[in-house]
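The values are calculated or read from the model by the stated rules, or taken from the named source; none is laboratory data. On a predicted model such as this, the values are computed, not experimentally measured, just so you know. Here the Cβ positions follow ideal geometry from the backbone for every residue, glycine too, while neighbour counts run over all protein chains shown. When the accessible area is computed, the model is the full protein with side chains, heavy atoms only, and any ligands, DNA or RNA have been set aside. Shrake-Rupley method; radii C 1.70, N 1.55, O 1.52, S 1.80 Å.
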Amino acid sequence: MSGAPFFEPAFLWALFACLIVVALHLLRRTKTVTMAFSSLRFFQERAVTAHHSRRFRQLLLLLVRLLTVIVVVLLFARPRCGDTLFEKLVNPRQELSCWIDATPSMGYRKQGVALGAKATKLLDTLMALRPASAQNSWYDAASGTYLPRKAGTVLPFQVRYQAPAWYGLIPGGRQPMLLVVSDFQESTTAALERAWGSRTSTEKLTVICVPVTPAAPRDLSVGAVRFRSDRKSMVTTTLHAYGKQPMHTAIWATVDHVRCGSSKVTIAADDSLEIHIPLARVVNDGWGTVMVADEDPLQFNNRQVFVATRSRGVSVLVIGDAKRNYPIVAALAAADSVRWQSLVTRAAALVTYDEIASADLVIVNGYQQEPPVLRALQRAPAGKKQAIIIAAPEMSERESQVTVSGTAYSVKLAEQLLTAVLPDTLSLLWRGFPSFRATEVAIYRYLQGLTGETLLRLSNRVSLVTQKTDTLGRVWITVATPIGVTASNNWCETGFYLPALDRLARHAVAMLHEEQGEWIAGKGRANPWYGSNHPTLILDENSREVSRLQQQPTFVLENPGVYRIVPPGAEAYWKAVIPDPAESRLIYRFPERKSTQNLSVSIVRPTELFAYLRHNHSGMLITVLTILLLFLLAAEVALRDKP
Amino acid sequence: MTTRFILRPEHIAPFRNVSLRARQIVEGMIAGFHKSPYHGFSAEFLEYRAYQPGESAGAIDWRLYAKTDRSYVRLFEDETNLHAQVMVDKSASMGFAAEGRESKFDYACTLAAAFAWILIHQRDAVAVAAFDETVTSYLPPRSTNVQLQNILTLLNGIEASSATRCGKAINMLAHGIKRAGLTIVLSDLLDEPESIMRGLRHLRFKRQDVLVLWLLDPQECSFSARNAYRLQDMENGNRVMLDGAVAAEHLSRGMAEHRQVLERGCRELRIDFAMVMTNEPYADTLVKILRKRRQKR
């Protein structure tokens with residue numbers, strides 16, 4: 001599309017019709033006959049005046065006709081005031097690519113209508129208001145491309161749990177125009193900005209963002225459910241509330257479609273609450289759901305599935321001084337005695353390789369010098385994947401450097417009160433943790449320079465706990481200070497100790513492939529059975545085959561629910577697939593407006609868009625030209641000589 | 001001086017046997033022609049004229065009959081009992097001529113000559129006056145053939161010029177009239193209708209049988225609506241630019257009003273009024289006029 005001031009400049013050739021008008025005018029103009037006349041007594045003054053006025057009228061008529069031709073040509077050529085956004089929308093040559101956010105948050109219902117359905121109708125109406133010859137295309141999630149669509153042929157809105165291929169959202173072609181209708185959740189906006197920010201094409205992309213964000217959203221969402229069963233079965237979940245008002249609701253659990261437990265809840269605005277629901281009967285196997293009774297606008301997260309299987313206990317080996325490590329064992333036993341089975345404490349000199357090999361979780365703490373077993377762990381190939389938590393050795397005031405796992409770290413003395421701070425409260429590790437900052441914890445000595453992902457930090461922003469995964473798939477969690485009885489801190493004496501240790505231990509174990517965290521609908525996962533000789537079947541709750549995994553390096557389960565995993569040569573088990581928790585976070589951010597050489601991003605409200613299209617569809621200039629044309633036609637009629 | 005018109009034989013051939021009579025009783029004593037209130041003869045012998053059947057036998061000159069075996073009537077001066085005036089408008093407007101046609105003035109002169117011939121042929125005395133703003137030329141009434149020649153010479157010697165004041169001119173001529181008679185006015189009557197009617201009224205007061213011929217060229221009555229016209233008044237030289245349609249409308253309306261006033265006035269004064277188009281043959285014009293007059297007698 002050129003920068004010419006007309007949408008259809010070819011019609012300007014019709015301006016040559018003005019020559020025809022002039023030629024006709026010259027041919028038809030009155031001939032002047034000069035003659036001597038007997039007497040002018042019968043010709044009154046107004047006859048003379050009438051002649052002068054007629055000549056003037058004829059000139060005026062010529063001008064009116066020329067202007068009429070010009071105005072008609074301009075109307076066909078469709079002038080435009082400039083290359084504005086709205087001008088592009090009404091340009092019949094401008095192809096418009098439309099993308100509706102189909103993420104679960106677009107299922108938010110406002111006055112009974114989902115945001116996505118509203119967006120579909122909005123775009124359909126927009127297409128109908130565009131020039132009939134204009135081309136419109138909609139993003140098709142199945143093919144990942146834009147397919148042509150006409151107004152009235154769009155499909156009903158359907159939530160998709162799988163995020164689109166963001167890179168495929170950017171249309172190609174010449175001077176592409178993308179219209180995005182979304183609630184612009186933070187995650188969606190970030191993905192969109194990454195997608196159009198990573199363009200390399202020099203063609204200018206115009207993006208029109210049309211927000212359908214709810215004004216004062218409110219939502220209750222049920223977090224991932226944990227099932228535990230020893231003498232009694234219980235499910236634990238975290239209920240999140242978004243909104244300005246406290247909410248009162250009930251939450252209940254079902255197993256095998258039978259309601260087994262419930263709890264009444266009062267939750268404050270914008271708060272999270274951990275809820276424990278004891279089940280009425282002991283459940284050994286199967287699956288269930290936890291759902292909240294509230295009919296809030298966003299329903300997809302009001303229900304979560306869980307797998308009700310007895311969790312296999314994790315064998316824990318604590319290596320180090322028994323007295324110093326006693327708090328570790330006691331804390332884990334107190335946190336979850338069922339989960340943390342076989343809590344064994346061994347001195348570094350007495351631990352055997354078999355004990356190390358058979359433990360799921362190895363905790364090394366309470367040593368003066370790095371024990372040889374640690375070096376052995378690093379060098380020896382593991383028979384199975386393990387999680388290893390290594391704490392710093394006991395440090396004296398004189399020591400300035402210590403070596404842990406072959407890496408030398410400098411020892412730091414706290415110059416001010418240092419406490420432990422969570423890096424976030426949203427990750428699986430820390431979601432729902434009671435406190436963000438452990439003010440009662442005081443760290444006196446610590447190692448500086450830990451590498452890896454920070455799981456916990458000091459109040460001076462130095463990493464306190466970090467995580468790495470080695471090439472063998474083992475999870476190494478390093479703690480910069482001892483975690484037992486120690487003079488380097490008072491951690492084990494605080495209320496922060498037990499839950500933090502339990503979380504870190506669970507996290508370490510969850511990193512191993514047997515659990516590997518929650519399965520999230522729509523998100524790709526590495527295929528743990530990749531390369532196996534026989535396929536692994538994935539069946540839905542009605543035993544219908546959903547997927548067959550063998551040679552795929554990754555796979556995606558698109559919809560949340562419970563699935564039956566049938567691995568080859570192993571016992572089948574249930575697996576819960578939950579919706580992306582990020583979709584429940586009703587935090588919105590509009591994309592940043594920008595205008596650069598190859599990108600233009602604008603935010604346009606739906607009302608503003610339709611006000612322009614309905615009332616200014618033809619542009620102010622076209623309206624003015626139309627009025628002018630009517631005026632010229634009236635002038636033509638008025639100026640024409642009466643028969 | 002070249003003769004602009006010639007009273008050709010074809011002009012007068014149709015009227016050899018036509019007479020132009022005055023409707024009213026006039027002085028004179030030519031039996032059967034114009035009744036005279038007076039009895040007796042004029043002392044001055046004028047000439048002999050062949051006896052026309054139907055005339056009184058008492059007018060026959062028996063002495064000449066005895067000599068010639070033919071009946072003749074003696075004419076005396078006073079026996080020319082009709083004094084006719086032919087008034088010819090010689091104003092500049094009479095000079096209007098469409099392309100390919102003779103001017104109104106020429107047409108008027110030919111008509112005047114024809115009338116003169118008829119009158120002289122029936123032994124009536126004819127006077128001719130040419131006028132524009134005033135009476136510019138006057139030939140006293142005579143009934144001889146020489147008079148006809150004199151009339152032709154007079155008419156041939158004048159040109160259409162000056163403005164029109166026919167009402168005033170008719171008044172002036174009326175002042176000089178001593179006896180009843182016939183007055184023929186040949187003009188385009190481009191003067192104030194009231195002024196014209198005053199003159200005509202004066203003529204009627206002077207016991208004149210008046211015949212007014214309103215001469216027009218067809219070009220003066222028609223304008224093409226598709227053209228514009230740059231007109232110059234032939235009398236005062238004024239110029240105007242007009243649209244054909246507007247000009248036709250104004251002219252039509254003006255002439256209709258003018259005609260209406262003149263016709264009404266002439267009707268009241270019992271004056272014969274006729275509109276003559278210069279594209280009509282002279283013979284047709286004269287026959288029409290004379291026939292109309294005869295019907296009214």
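Descriptive notes on the structure:
- When the P(r) is computed for region A:152-289, the part past 27 Å accounts for 49% of the Cα-Cα pairs.
- C-alpha long axis of helix A:606-615 to longest principal axis of chain A, angle in °: 10 degrees
- Applying both filters, DSSP loop and at most 12 other Cβ atoms within 10 Å, to the trypsin sites (Lys or Arg not before Pro) of region B:243-285 gives B:270.
- Buried area at the B:A interface is about 2600 square angstrom, summed over both chains, from accessible surfaces computed with a 1.4 angstrom probe.
- Over region B:79-180, the hull volume per residue, using the convex hull of the C-alpha atoms, is 86 Å³.
- Placing unit charges on the Cβ atoms only, positive for Lys and Arg and negative for Asp and Glu, gives region A:92-165 a dipole magnitude near 220 debye about its Cα centre.
- For residue A:204, the aspartates and glutamates whose Cα falls under 20 Å of its own Cα, not counting residues fewer than eight places away in the same chain, are A:83, A:87, A:95, A:193, A:592.
- When each of the peptides A:492-503, A:318-329, A:249-260 is scored by the mean number of other C-beta atoms lying within 10 Å of its residues, the order from highest to lowest reads A:318-329, A:492-503, A:249-260.
- Acute angle (nearest 10 degrees) that the helix A:45-77 long axis makes with the longest principal axis of chain A, alpha-carbon atoms: 30 degrees
- Accessible solvent surface per residue of chain A, calculated while the other protein chains remain in place, 1.4 angstrom probe, Å²: 49 Å²
- Peptides A:102-115, A:144-157, A:546-559 ordered by average Cβ neighbours within 10 Å, highest first: A:102-115, A:546-559, A:144-157
- Diffusion coefficient, µm² s⁻¹, Stokes-Einstein with Kirkwood Rh over alpha-carbon pairs of region A:76-180 at 37 °C and 0.692 mPa s: 223 µm²/s
- Pairwise Cα separations in region A:429-479 fall into 5 Å bins from 0 onward with the following percentages, short to long: 4, 18, 25, 22, 18, 8, 4, 0.
- Each part reduced to its alpha carbon centroid, region B:232-297 and region B:175-191 end up 17 Å apart.
- Carbon plus sulfur fraction of accessible area for the protein assembly as shown, probe 1.4 Å, in percent: 53 percent
- Residues of region A:17-41 that lose at least 10 Å² of accessible area (1.4 Å probe, protein heavy atoms only) when the other protein chains are present, relative to their chain alone, are A:30, A:31, A:32, A:33, A:34, A:35, A:36, A:37, A:38, A:39, A:40, A:41.
- Considering helices alone, the calculated mean residue ellipticity of chain A at 222 nm is -7500 deg cm²/dmol, with DSSP H runs of length four and up weighted by -39500 (n - 2.57) and normalised per residue.
- Enclosed volume per residue, in Å³, of the convex hull spanned by Cα atoms of region A:385-494: 104 Å³
- Region B:131-201 - Rg over Rh from alpha carbon coordinates, Kirkwood radius: 0.98
- For chain A, the Cβ-based charge dipole about the Cα centre amounts to some 3140 debye (Lys, Arg positive; Asp, Glu negative; other atoms uncharged).
- Size descriptors for region A:290-435, from the alpha-carbon set: Rg then Dmax equal 19.9, 63 Å.
- Rg and Dmax of region B:211-297, based on Cα coordinates, read 16.0, 47 Å.
- If you bin all the Cα-Cα distances of region A:223-264 at 5 Å, starting from zero, the percentages per bin are 6, 16, 26, 26, 13, 8, 5, 1.
- The alpha-carbon of residue A:264 sits under 25 angstrom from the alpha-carbons of these lysines, leaving out residues fewer than 8 places away in its chain: A:232, A:244.
- For region B:233-256, a decrease in accessible area of 30 Å² or greater in the assembled protein chains relative to the isolated chain, with a 1.4 Å probe, applies to B:233, B:234, B:240, B:241, B:242, B:243, B:246, B:250, B:251.
- For the Cα trace of the protein assembly as shown, dividing Rg by the Kirkwood Rh returns an Rg/Rh value of 1.56.
- Spatially proximal lysines relative to residue B:206 (Cα-Cα < 30 Å; intrachain offsets below 8 disregarded): B:35, B:90, B:104, B:168, B:178, B:288, B:292, B:296
- Across all Cα atoms of region B:109-238, the radius of gyration (one decimal) and Dmax (whole number) stand at 16.3, 53 Å.
- Crossing angle, helix A:619-639 versus chain A [Cα axis fit, 0-90 degrees, rounded to tens]: 10 degrees
- Dipole check for region A:169-255: with +1 at the C-beta of Lys and Arg, -1 at the C-beta of Asp and Glu, and the Cα centre as origin, the magnitude is about 260 Debye.
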